[in-house]
Amino acid sequence: MIDDDPTVTNPDNYTILWENEFVRVLDYVDVPGTQTVPHRHPNTVMVTLTDFSRRLRSDRAAVDTQMTAGTAVWLPAQSHWGENTGLTPTHVILVELKRGGAGDESPTSLGPETNHRSSAA
């Protein structure tokens with residue numbers, strides 16, 4: 001089976017910022033004209049850091065989208081590939097939910113988790 005993890009299929013665009021058993025946080029950047037290859041995302045929250053225009057494609061459809069910086073949106077699980085069709089770079093943060101991503105409703109500690117996986121480390 002071909003690996004469809006975006007950090008593997010498009011390593012120049014996707015960086016893992018943080019990961020635990022519930023979520024994985026990705027940083028995505030590109031420049032106008034960049035095209036990604038097919039990859040898959042689970043249910044995801046996307047936060048836009050720049051204004052951008054993109055065309056997303058799947059085996060069944062294509063959609064053009066424009067987003068403004070500072071927007072947070074829900075993306076249902078999907079396989080796609082994309083192209084920056086605008087005049088500005090794309091920069092987004094993707095919070096991918098893993099199975100059980102809601103976590104435990106009765107935490108054993110207070111404050112942010114400090115154990116994490118980072119590509120910068």
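Kindly state which strands (runs of 3 or more DSSP E) lie completely within the range 50-95 and contain at least 1 residues that are free of Cβ contacts under 8 Å to residues at least 12 places away in the same chain and farther than 18 Å from Val31 by Cβ.
Working: elements: 52-57, 62-67, 72-75, 78-84.
Passing ranges, in order: 62-67.
Within the range 1-34, count every residue that is outside any strand (DSSP E or B), touching a residue at least 60 places away in the same chain (Cβ under 8 Å) and of a type outside the set (Phe, Trp, Tyr). First the steps, then the outcome.
In the first step, residues of the range 1-34 are kept if they are outside any strand (DSSP E or B); the result is 1-13, 20-22, 31-34.
Cutting the leftovers down to touching a residue at least 60 places away in the same chain (Cβ under 8 Å) gives us 4, 20-22.
When the remaining residues are screened for being of a type outside the set (Phe, Trp, Tyr), the result is 4, 20-21.
Number satisfying all stated conditions: 3.
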Verdict on Leu17 being surrounded by 15 or more Cβ atoms within 10 Å (Cβ to Cβ), over 26 Å from Asp3 (Cβ atoms) and at pLDDT 95 or above
no
Which of the residues belonging to the range 76-121 are of a type in the set (D, E, K, R), out of contact with any His (no Cβ under 9 Å at 6 or more places or on another chain) and either at pLDDT 55 or above or surrounded by 12 or more Cβ atoms within 10 Å (Cβ to Cβ) (or both)?
Glu83, Lys98, Arg99, Arg117
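Might you check whether a residue that is in a loop (DSSP other than H, G, I, E, B) and either farther than 17 Å from Asp4 by Cα or among the hydroxyl-bearing types (Ser, Thr, Tyr) (or both) occurs anywhere in the range 35-46?
If we filter the range 35-46 for residues that are in a loop (DSSP other than H, G, I, E, B), which is where we start, we get 36-38, 42-43.
Of the ones still in play, those that are also either farther than 17 Å from Asp4 by Cα or among the hydroxyl-bearing types (Ser, Thr, Tyr) (or both) are 36.
The answer is yes; a qualifying residue exists.
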Of the residues in the range 49-72, those that are within 19 Å of Thr85 (Cβ to Cβ) and small (Gly, Ala, Ser) come to Ser53, Ser58, Ala61, Ala62, Ala69
I'm trying to understand the selection: among the residues of the range 24-48, which are farther than 14 Å from His80 by Cα, surrounded by fewer than 17 Cβ atoms within 10 Å (Cβ to Cβ) and of a type in the set (A, V, I, L, M, F, W, C)?
Val29, Val31, Val45, Val47
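The values are calculated or read from the model by the stated rules, or taken from the named source; none is laboratory data. Here the structure is a predicted model, which means the values were calculated and not measured. Neighbour counts are summed over all protein chains in view; Cβ atoms, including those assigned to glycine, are modelled from backbone coordinates with ideal geometry.
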